[in-house]
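Let me begin by presenting the structure, written as structure tokens, before commenting on it.
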Amino acid sequence: DTGVSQNPRHKITKRGQNVTFRCDPISEHNRLYWYRQTLGQGPEFLTYFQNEAQLEKSRLLSDRFSAERPKGSFSTLEIQRTEQGDSAMYLCASSLQGPDTEAFFGQGTRLTVV
Amino acid sequence: AQSVTQPDIHITVSEGASLELRCNYSYGATPYLFWYVQSPGQGLQLLLKYFSGDTLVQGIKGFEAEFKRSQSSFNLRKPSVHWSDAAEYFCAVGGRASARQLTFGSGTQLTVLP
């Protein structure tokens, strides 16, 4: 499978715990994006990387959220001290660099904070 | 600020009938426009995109969309709907300089009756 891969697909955690998600982009894509989607809403942009550099972060990305892409390949998104409001689908996407390119999305990680 | 409005939260059509899903956008520069489809619990699949050129764009699964700059619209159409088209549809806007940091609408849920 050469698509965007996200793990785990589902995560249930207790409030206050830390969680980490992983995204493996399409191998030749140097741009990687994280989005969050709450129930009944469209995805909202969180952050993106070009290679290993994190170039933009949304105001939605509070201090409890941190994303890394250490070698410019896979990325991790960590949420510390989870809150019930963090329950959402976390989507990862990747694209080639350049203006006329499209983003390909993974199947997402569904987080439930209880 | 950029925004996308999908005025129809839910649309029901009979199989074989035609379909039009509405999308209006607000964007300060030349928009890049996208339609994605999402099945329950899944990620997003790109149906079609508009970057420039011909304002009528063809996508996968028999979908097409027309960019109308004067109306700030990018409506999605299909002449004959199939039961497998039942899903949620998202319109999104980005720009040449914004990589693929997209702003999504809140989606339109499509139900197809047999």
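Rule-based calculations on the coordinates, nothing more; no lab input. The structure presented is a predicted model; accordingly, all values stated were derived computationally and were not measured. Neighbour counts are summed over all protein chains in view; Cβ atoms, including those assigned to glycine, are modelled from backbone coordinates with ideal geometry.
Which value, to two decimals, describes the C-alpha radius of gyration of the stretch A:30-114 once divided by 2.2 N^0.38 Å?
1.07
Which lysines, on any chain, are close to B:K61 with Cα under 24 Å apart, when same-chain ones fewer than 8 places away are left out?
Result set, ordered by chain and number: B:K49, B:K78.
Within 10 Å of each Cβ in A:31-41, how many Cβ atoms from other chains are there, averaged over the peptide?
Per residue, the number of nearby Cβ atoms from other chains is 3 on average.
Counting only C-alpha contacts under 8 Å and six or more residues apart, can you give the relative contact order of the stretch B:19-114 as a whole percent?
Relative CO of the stretch B:19-114 lands at 32 percent.
Would you please give the residues with an amide H less than 5 Å from that of B:L47, counting only those at least 5 places away or on a separate chain, with H modeled from the backbone geometry?
Sorted by chain and number, the residues that satisfy this are B:W35, B:Y36, B:V37.
How would B:I11, B:I60 line up from fewest to most surrounding beta-carbon atoms within 10 angstrom?
Going from sparsest to densest Cβ surroundings: B:I60, B:I11.
Regarding the protein assembly as shown, what is the average projected area of its C-alpha convex hull, in nm²?
12.5 nm²
Given A:K11/A:K71; A:K71/B:K68; A:K11/A:K57, which pairs have Cα atoms separated by over 30 Å?
In this structure, A:K71/B:K68 lie more than 30 Å apart at Cα.
Specify the residue with the greatest mean-square fluctuation among A:L77, A:L46, A:L61, computed from a Gaussian network of chain A linking alpha-carbon atoms under 10 Å apart.
Answer for the Gaussian network model of chain A: A:L61.
What net charge is computed for the residues neighbouring A:P70, neighbours being all others with C-beta under 15 Å from the C-beta of A:P70, Lys and Arg scored +1, Asp and Glu -1?
Net charge around A:P70: -1.
Would you mind giving the mean number of other chain beta-carbons within 10 Å of the Cβ of each residue in A:99-109, as a whole number?
So the per-residue partner count for this stretch is 6.
Taking amide H positions as placed in the peptide plane 1.01 Å from N, state which residues far from A:T112 in sequence (5 or more) or on other chains have amide H under 5 Å from it.
Amide H neighbours of A:T112: A:K11, A:I12, A:T13.
Take peptide B:37-50, look around each residue's Cβ out to 10 angstrom, count Cβ atoms belonging to other protein chains, and average those counts.
For peptide B:37-50, the averaged partner shielding equals 4.
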